[in-house]
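Bear in mind that the values in this text are calculations on the coordinates, not laboratory data. Because the structure is a prediction, the values reported are computed rather than measured. With ideal geometry, Cβ positions are generated from the backbone for all residues, glycine too; neighbour counts draw on all protein chains shown.
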Amino acid sequence: MSWLYSHIGAPILMGWEASKEVGLKAKELGCRKVFLVHDQNLKDIGLLDDIINSLEEQQIQYCSFDGVQPDPPDVVVEAAAELARNQQIDGIIAVGGGSAIDTAKAVNVLMRNPSPIHQYLRPGLTLNPGVPSIFIPTTAGTGSEVTSISVITDTLHDQEKRSVNNPVCLASLAVIDPQLMMGMPPSLTASTGMDAFAHAAEALTCAMANPLMNAFCREAIRMISQNLSKAVKDGQNREARENMAYASTIAGIAFTNVRVHVGHSIGHVLGAAYHVPHGVACAIAIPPVIRWASKWVPQQVRMIGEAMGCQIPQDASDAEIGKITADGIQKLKHEIQIPSMKDLGFDWETVKNLVPLIRQQGAFVAKPGEISDEELLAILQEAYEQ
């Protein structure tokens, strides 16, 4: 008999203006003074107003940290954690994109476990629990609000992106408020949306895939395929924003229960080498990766294509399933103007030398089957051109 173990993830409060309930929820978690981690411009544009008002209504003090950086470096995490400890906070609230939430998760690890953060960049560790945490995304893509993973940049090892993967990183509560996402510009909407798509597509085709999480993945892919272009073209489309928020969250639940694989391995390496947004790097990689995956898991690739609305004949070969599905992803990518590596001016001779680094990525082990260097190069070549 085979066994299936899954945890759905963090408790979730989801809906329009849900962020107005943050103060009450923090009080219910026993917080009296929270560490508010957020992207630098959020206060200036008013996205923190409802959250701060709700904290003040419940007489909860807060200390702000707005020094979040993209792909948060370990040194930023250490500085934020020192401030949080000195302020004697008893809760953490993160508001923003994946970098703000990842920073907050790593800070929480260091609340009751000694620095430096580097010693926790490996799986399987038993850590002391942190303080209660509430994560509030302002983008629809990373799914970080419901995952147990914090991705940080390890400055001691050639700027490599590495992960703390531990229950300490799981939120006490995730608050999904689509209202906070209405102001996302088209390029950010596109890149974060494709990050969510990559989460679902890779989780569906990874070696650990299971029927329960497959259902989450298929629904996320369906919703993204039907709503991402609309959200990119019209940022005030309330229905599209809401559906993308939901899709991002359930894709996050799926991949934290199983894994991502080759696409994210490529995405992390490209991001470190060229400093492109994570979602763009993953979007560049995902069509050829899914084409390759049809060699090993054609029925799961068929699920992706059919969830997107692709017409795949019942008697299609594995290769045909891969091509039709990859072409569908490529079409979506072009609709929202995600560039190729060539468009971005990457040097091919440099790109093809990244294969060893891609193989070293932690996510690479979850690939659905063996992949040769020649196949990896073919994937990179296709991603470079298209």
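Along the axis of the charge dipole computed for the chain (Cβ charges of +1 for Lys and Arg, -1 for Asp and Glu, origin at the Cα centre), the listed residues 248, 207, 188 are led at the positive end by 207. Of interest is the spacing of the C-alpha centroids, which for region 226-287 and region 305-352 amounts to 15 Å. Positive contributions from Lys and Arg (+1) and negative ones from Asp and Glu (-1), summed over other residues with Cβ under 14 Å from the Cβ of residue 344, come out at -1. DSSP beta bridges confined to the chain are antiparallel in about 20 percent of cases. Derived value for region 238-328: Kirkwood hydrodynamic radius 14.4 Å. Basis is the mean of 1/r over every pair of different alpha-carbon atoms. Let a ≥ b ≥ c be the square roots of the eigenvalues of the Cα gyration tensor of the chain; is it rounded (a/c under 1.5), or, if not, prolate (a/b larger than b/c) or oblate? It comes out prolate by the Cα gyration axes. Among 265-278, 132-145, 193-206, sorting by the average number of other beta carbon atoms lying within 10 angstrom of each residue, highest first, gives 193-206, 132-145, 265-278. Computed about the Cα centre, the dipole magnitude for the chain is approximately 620 debye when only Lys and Arg (+1) and Asp and Glu (-1) carry charge, each at its Cβ. Relative to one another, the C-alpha centroids of region 114-190 and region 12-65 are positioned 18 Å apart. With K and R counted +1 and D and E -1, the other residues having a Cβ less than 11 Å from that of residue 313 yield a net charge of -1. Applying the Karplus relation 6.51 cos²θ - 1.76 cosθ + 1.60 with θ = phi - 60° to region 315-328 yields 3J(HN,Hα) values of 9, 5, 6, 4, 5, 5, 4, x, 5, 4, 5, 4, 5, x Hz, where x marks Gly and Pro. Phi angles across region 19-31 convert, under the Karplus curve 6.51 cos²θ - 1.76 cosθ + 1.60 with θ = phi - 60°, into 3J(HN,Hα) values of 5, 5, 9, 4, x, 5, 5, 5, 5, 5, 7, x, 7 Hz, Gly and Pro given as x.
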